[in-house]
Amino acid sequence: MVVAIDGPAGSGKSTIAELLARRLELKDGRRFVYINSGKLYRALTLACQRQGVDVSDNEAAVDVARSVRLEYRDSTVFLDGVDVGPLLHGDEIDRAVSRLSSNVPVRHMVNALIKEMALRRDVIVEGRDMTTVVFPDAEARFYLDASEDSRARRRFGQGMSSLSLEEIRRSIAERDRMDRNKPEGSLKVAGGVTYIDTSYLTVNEVYERLEKIIRLKG
């Protein structure tokens, strides 16, 4: 079974997807694997930065993506065999990752890797185009959303950025603009998805809504 979740930065996708993968078990004992597509793009952004490549240079970024080895184990991304999870959420990565994920050949490579990881598995996968491009026929599809202000407050509260609350809000607005205008795999609400505004919901309230629908479909 594939559970696909899309939505903008800070809407709670990663928190909910990881929680579902930890808690959810199907009646026959099958457990879900959690795949965070954003971590793959962030790892490739880190690879570009390490090699001194501007992510806006599409051809050079594609060469970097082809030259490295990405693996996803237990919700952690390994770049050329090394766990890079703790390095993926700095301000420099935040500023560059949306530009890299606009690179169509890079998107094709990442999406092919995600599809390969999902083969013959029950997966919870989240990102920007999981419900529209990668898994349009997933058994359960969701779009999590939230207001700009609530998303900025969440990011600020995580304490992982050196930016002020207002700077984070502006960064989120710019990220949204880029994600919604990608030449391929743009962020949008697909037909037939379950749309949930998480602005004023607790994590458990969001989880319970998704869990109920997944169990009905699964």
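Every number in this text was worked out from the coordinates using simple rules, so none of it is lab data. As the structure is a computational prediction, the values presented were derived from the model and not from experiment. Using ideal geometry, Cβ is built from the backbone for each residue, glycine included, and neighbour counts are taken over all protein chains shown.
Inter-part distance, the stretch 31-66 to the stretch 146-179, computed on C-alpha centroids, equals 21 Å. Adding -39500 (n - 2.57) for every DSSP H run of four residues or longer, then dividing by how many residues the chain holds, sets the calculated 222 nm ellipticity at -15000 deg cm²/dmol. Given the stretch 2-211, what percent of its DSSP beta bridges are antiparallel, to the nearest 5? Bridges in the stretch 2-211 that DSSP calls antiparallel: roughly 30 percent. Computed from the alpha carbon atoms alone, the convex hull of the chain holds 115 Å³ per residue.
Ordering F135, C48, V64 by the projection of their Cα atoms onto the charge dipole of the chain, which places +1 on the Cβ of Lys and Arg and -1 on the Cβ of Asp and Glu, puts F135 at the extreme positive end. Fully extending the segment from M1 to E71 would add 23.1 nm, taking 0.36 nm per residue of separation and subtracting the current Cα-Cα distance.
Once the chain from E18 to R180 is taken as fully extended at 0.36 nm per residue, the excess over their C-alpha distance is 55.9 nm. Farthest towards the positive end of the charge dipole of the stretch 2-211, among the residues S161, I114, Y195, is the Cα of I114, using unit charges on the Cβ of Lys, Arg, Asp and Glu. Here the dipole of the chain is about 480 debye; that uses its Cα centre as origin and unit charges on the Cβ of Lys and Arg (positive) and Asp and Glu (negative). Checking the cross-link pairs K182/K212; K115/K217; K188/K217 against a 27 Å limit on the alpha carbon distance flags K182/K212 as lying beyond it. Straight-line cross-link partners of K13 among the aspartates and glutamates, defined as a Cα under 13 Å from its Cα and at least 8 positions apart when in the same chain: E126, D129, D145, D197.
Between the beta carbons of T194 and E167, assuming R0 = 41 Å, the FRET efficiency works out to 0.80 to the nearest 0.05. Only Cα pairs under 8 Å and 6+ residues apart enter the sum, and on that basis the relative contact order of the chain stands at 33 percent.
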